[in-house]
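> I have a structure here, written as structure tokens, and I will follow up with some questions on it.
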Amino acid sequence: MASTILRRATSSVIKSSLLTEASRRSYASVAVGTDILSAASQVSLQKARGWDEGVTSNFSTTSVNDIFKGKKVVIFGLPGAYTGVCSQQHVPSYKKNIDKFKAKRIDSVICVAINDPYVMNAWADKLQAKDVIEFYGDFDGSFHKSLELGKDLSAALLGPRSERWSAYVVDGKVKALNVEGAPSDFKVSGAEVILEQI
């Protein structure tokens, strides 16, 4: 009983802290029309992989140019691997709609979070989504910082993380962008919303 009360109290404190932080947040500088290839020109992401693959590849990274140039991409960012809304709603919404994205000739559906690629790999495997969604780690947050989509979630013991967001990007240019009001929200960044924007 005591543990149930503690869980409820902790949950209330975290939700309260997140909502307070959300009310102070400033919206990202990235907007419809932003050229990600210019805004994040020096940034690379790390494709989800196991440690041995990381060593074998000499810890290679993938440039933003390689991800977006000449392609139609749906990308969604989230606060972190293994967290509640991310695991239970956000990724599953894209996984179950993957055929609809293919029908719209989307080249890649990408999930990115401020995590290392090894955590992203294990999480993608656990969600059984690695075969349909590309997972990338933004280990130092540089991609999210360059687009001003970073978020301090220290109140939830997560530290620097990402907003919850989604975008439709064509040849590096943002054609649609959705950023949630708070990281715990799941109202505008799911697959169903972005499908209507393509």
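The values are calculated or read from the model by the stated rules, or taken from the named source; none is laboratory data. Small disclaimer: the values here were computed from a predicted structure and weren't measured. Cβ placement follows ideal geometry from the backbone for every residue including glycine, while neighbour counts extend to all protein chains displayed. Surface accessibility is based on the protein's heavy atoms, side chains included, excluding ligands, DNA and RNA. Shrake-Rupley method; radii C 1.70, N 1.55, O 1.52, S 1.80 Å.
> Can you find a residue that is in contact with a strand residue (DSSP E or B) (Cβ under 7 Å, 6 or more places away or on another chain) and among the hydroxyl-bearing types (Ser, Thr, Tyr) anywhere in region 101-112? Spell out how you get there, then give the answer.
If we filter region 101-112 for residues that are in contact with a strand residue (DSSP E or B) (Cβ under 7 Å, 6 or more places away or on another chain), which is where we start, we get 101, 105-112.
Restricting the remaining residues to those that are among the hydroxyl-bearing types (Ser, Thr, Tyr) gives 108.
Checking region 101-112: at least one residue is in contact with a strand residue (DSSP E or B) (Cβ under 7 Å, 6 or more places away or on another chain) and among the hydroxyl-bearing types (Ser, Thr, Tyr).
> Scan region 79-99 and report the pairs whose first residue is basic (Lys, Arg) and whose second residue is assigned to a helix (DSSP H, G or I) and at pLDDT 95 or above, with Cβ atoms within less than 9 Å and a gap of 6+ or a chain change.
LYS95/ALA191; LYS96/ALA191
> Out of the residues in region 69-90 meeting the condition of being hydrophobic (A, V, I, L, M, F, W, C) and modelled with pLDDT of 95 or more, tell me which one is surrounded by the fewest Cβ atoms within 10 Å (Cβ to Cβ).
Here is the first cut: in region 69-90, the ones hydrophobic (A, V, I, L, M, F, W, C) are 73-76, 78, 81, 85-86.
Next, only the ones that are modelled with pLDDT of 95 or more stay: 73-76.
Values: VAL73: 20, VAL74: 25, ILE75: 22, PHE76: 25.
Restricting to residues being hydrophobic (A, V, I, L, M, F, W, C) and modelled with pLDDT of 95 or more, the top hit is VAL73.
> Looking at region 156-168, can you tell me whether even one residue there is polar (S, T, N, Q) and over 15 Å from the mean Cα position of the chain (by Cα)?
Within region 156-168, the subset polar (S, T, N, Q) is 162, 166.
Of the ones still in play, those that are also over 15 Å from the mean Cα position of the chain (by Cα) are none.
No, region 156-168 has no match at all.
> So how many residues does region 66-88 have that are touching a helix residue (DSSP H, G or I) at 6+ places or on another chain (Cβ under 8 Å) and part of a helix (DSSP H, G or I)?
2
> Same structure, new question: Among helices (runs of 4 or more DSSP H) lying entirely in region 93-155, which contain 2 or more residues that are open to solvent by less than 10 Å² (accessible area, probe 1.4 Å) and farther than 18 Å from VAL64 by Cβ? Give the derivation first.
Details: elements: 98-103, 117-126, 142-146.
The helices (runs of 4 or more DSSP H) meeting that bar are 117-126.
> Find all pairs meeting these conditions: Cβ atoms under 7 angstrom apart; at least six residues apart or on different chains; first residue within region 130-148 and under 28 Å from ASN97 (Cβ atoms) and free of Cβ contacts under 8 Å to residues at least 40 places away in the same chain; second residue open to solvent by 10 Å² or more (accessible area, probe 1.4 Å) and β-branched (Val, Ile, Thr).
Listed pairs, sorted by first residue: VAL132/ILE98; GLY141/ILE114.
> Filter region 44-65 down to residues that are part of a strand (DSSP E or B) and either among the polar types (S, T, N, Q) or open to solvent by 10 Å² or more (accessible area, probe 1.4 Å) (or both), then give me how many there are.
If we filter region 44-65 for residues that are part of a strand (DSSP E or B), which is where we start, we get 44-47, 62-63.
Then keep just the ones that are either among the polar types (S, T, N, Q) or open to solvent by 10 Å² or more (accessible area, probe 1.4 Å) (or both); that gives 44, 46-47, 62-63.
The total comes to 5.
> Which residues, taken from region 157-182, are touching a strand residue (DSSP E or B) at 6+ places or on another chain (Cβ under 6 Å), modelled with pLDDT under 90, of a type outside the set (Asp, Glu) and in a loop (DSSP other than H, G, I, E, B)?
If the condition is that a residue be touching a strand residue (DSSP E or B) at 6+ places or on another chain (Cβ under 6 Å), modelled with pLDDT under 90, of a type outside the set (Asp, Glu) and in a loop (DSSP other than H, G, I, E, B), then ARG164 is the only one that fits.
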